[in-house]
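Quick notes on the structure that follows.
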Amino acid sequence: MVDSVTAASVMRSVTILGATGSIGASALDVIARHPHRFRVHAATAQTNVAELADIALKFTVDVAVIGDPTLERPLRDALRSRGAKATARAGRSALIHVAQAPECDTVLAAIVGSAGLEPTIAAAEAGKRLLLANKEAIVCAGELMMAAVKRGAAMLLPVDSEHNAIHQCLAGLPESERATARLILTASGGPFLKRDDLEDVTPDQACAHPKWVMGRKISVDSATLMNKGLEVIEASWLFQIPADRIDIVIHPQSVIHSMVELPDGSVLAQMGTPDMRTPLAYALGWPERITSGARRLHLESAGPLTFEAPDRTRFRCLGYAYSALKRGGGASVVLNAANEIAVEAFLDERLRFTEIAPTIERTLEAYDPPPPRTIADVLDIDNEARERASEFVTDKVP
Ligand SMILES: NC(=O)c1ccc[n+]([C@@H]2O[C@H](COP(=O)([O-])OP(=O)(O)OC[C@H]3O[C@@H](n4cnc5c(N)ncnc54)[C@H](OP(=O)(O)O)[C@@H]3O)[C@@H](O)[C@H]2O)c1
């Protein structure tokens, strides 16, 4: 359904960092439903030239950016052969440029991994409406990102479904109540919640999430529960809540997307079908509510809603994330980098699924850097941690 615009709405010009990914596709689906509210100023990808050129044509994008600088010529050719008018740009500086361009007022940060850090911070510094899906960026540079948001007077709207749910639950509460809230992040438990023998699981099995359709890296993170660990760190920065007031509950039906407990004992929850278009529509339209295309929730057919505590012995990544958050400094950067290296090696079939957690643990034990003071420090720690984690991976080829 394509909506007509209300008098109060303004036309927003959006840059989509990571337009060819799972979040990018969901965002474009929502945007296509609201042609009078949104236009796409810029779209980016890393290597997927064909998809990026298709998007540029379909959404009459002004600028298409390919992260891999060797692909600028193929991108230009692909745009021309389709008759797309977008200007082709390439490389890291072009990603940063479109994130802070005056031609856009809204930036969706949907690059996967710490590769999204610099353009995301650039959007914050430039005072954009910043729709944050790229959780690794805030995990690595939480303090610096929140400072950039403040300096740039940016508006930070979480897209991750759990944080989006919390944002919805906290909206309208006085600051004093927000500051004392307890956050309860729900986790589906991933595909291996009830499976004991994980020695021989394949990348495809790990990516077969029972409830959500997502990119491969976050799907593996969901299978190890590192995704929930990263989300605890993300929530702590976004909502300025310490680790000991952020809980995790396994809720396999993925109907409740997260909850907030208030001092009077009330627990507020946000519910819906598991579809990223809902949080994306919330963030794109905020403070207005716009249609998303997501299926309606029918509670009578949702079945029983169940909740259980996570098994921290089987899913050790959760503990690493909590302790990295408590340790502060560069520990979250190391945690994230080691996880990215381990997950990539698993997806390339160079590392067993069961070796992901030990690779992260060894890297955290081997490297305890001082707190990063600048983005350059974060990138240095990220590089060093990747090198150290890679050493553990090569030791562990099955
Ligand atoms: N998928 C979900 O449902 C979901 C939910 C909550 C949060 N998130 C978060 O949202 C982010 C994106 O997730 P996703 O599932 O959409 O990932 P994805 O499907 O793998 O898409 C990643 C996007 O980033 C681009 N990209 C990859 N490496 C890059 C690099 N080094 N530099 C610049 N761009 C790069 C990709 O381009 P190519 O296509 O050219 O490789 C693609 O456009 C992640 O941080 C994830 O944790 C995702």
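The values are calculated or read from the model by the stated rules, or taken from the named source; none is laboratory data. Since we're looking at a predicted model, the values are computed, not measured. No Cβ is skipped: glycine too gets one built from the backbone with ideal geometry, and neighbour counts run over all protein chains shown. Ligands, DNA and RNA are excluded from the accessible area calculation, which covers all protein heavy atoms including side chains. Shrake-Rupley method; radii C 1.70, N 1.55, O 1.52, S 1.80 Å.
Points worth noting:
- Pair Arg350, Arg312: separation of 7 Å Cα→Cβ label points (nm): 3.3
- For Arg12, solvent-accessible area (1.4 Å; no DNA, RNA or ligand), Å²: 50
- A convex hull fitted around the alpha carbon atoms of segment 265-374 yields 235 Å³ per residue.
- 3J(HN,Hα) couplings calculated from phi for segment 315-332 with the Karplus curve 6.51 cos²θ - 1.76 cosθ + 1.60 (θ = phi - 60°) are, in sequence order, 10, 6, 4, 4, x, 4, 5, 4, 6, 5, 5, 5, 5, x, x, x, 4, 5 Hz; Gly and Pro show x.
- Peptides ranked, highest mean first, by Cβ atoms within 10 Å: ranges 76-85, 125-134: 125-134, 76-85
- Separation of alpha-carbon centers, segment 149-210 and segment 263-309, rounded to whole Å: 12
- Candidate cross-link partners of Lys128 among the aspartates and glutamates, defined by an alpha-carbon separation under 16 Å and a same-chain spacing of 8 or more, comprise Glu103, Asp105, Glu118.
- Solvent-accessible heavy-atom area per residue, rounded to whole Å², over the chain at 1.4 Å: 42
- Sorted into 5 angstrom bins from 0, the C-alpha pair distances of segment 37-163 split as 2, 12, 21, 23, 18, 13, 7, 3, 0 percent.
- Across segment 256-264, coupling constants 3J(HN,Hα) worked out from phi with the 6.51/-1.76/1.60 Karplus curve, θ = phi - 60°, read 8, 8, 3, 9, 10, 9, 9, x, 7 Hz, and Gly and Pro carry x.
- For Val201, distant residues with modelled amide H under 5 Å away: Phe353
- Within the accessible area of segment 282-390 (1.4 Å probe), percent carbon and sulfur: 49
- Residue (of Ala88, Thr180, Ile111) at the positive-pole extreme of segment 34-193, dipole from beta-carbon charges: Ala88
- Taking the square roots of five times each eigenvalue of the Cα gyration tensor of the chain, the equivalent ellipsoid has semi-axes of 30, 27, 21 Å, listed largest first.
- From the largest down, segment 98-253 spans 50, 37, 22 angstrom on the principal axes of its Cα atoms.
- q = 0.16, 0.19, 0.25 Å⁻¹, segment 171-240: log10 I(q)/I(0) [Debye, one scatterer per Cα]: -0.64, -0.78, -1.09
- Working from label points 7 Å from Cα in the Cα-to-Cβ sense, the Leu305 to Asp244 distance is 2.9 nm.
- Per-residue ellipticity at 222 nm computed for the chain from its helices equals -14000 deg cm²/dmol, with DSSP H segments shorter than 4 residues left out and the rest contributing -39,500 (n - 2.57).
- R0 of 45 Å, Cβ-Cβ distance Ala147-His298: FRET efficiency to nearest 0.05: 0.55
- Size of charge dipole - segment 36-90 - debye, nearest 20, with Cβ of Lys, Arg +1 and Asp, Glu -1, no other charges: 260
- Taken over segment 191-326, the ratio of Cα radius of gyration to 2.2 N^0.38 Å equals 1.13.
- Approximate spin-label separation Glu103-Glu177, in nm, with each point projected 7 Å along Cα-to-Cβ: 4.4
- The spacing between segment 31-49 and segment 71-134, judged by their C-alpha centroids, is 10 Å.
- Amide hydrogen neighbours beyond the local backbone of Ser13, cut-off 5 Å, H modeled: Arg39, Asp105, Thr106
- For the chain, averaging the sequence separation of C-alpha pairs within contact (under 8 Å, six or more residues apart) and dividing by the residue count gives a relative contact order of 13 percent.
- Relative contact order of segment 188-314, taken over Cα pairs closer than 8 Å and 6 or more residues apart, is 22 percent.
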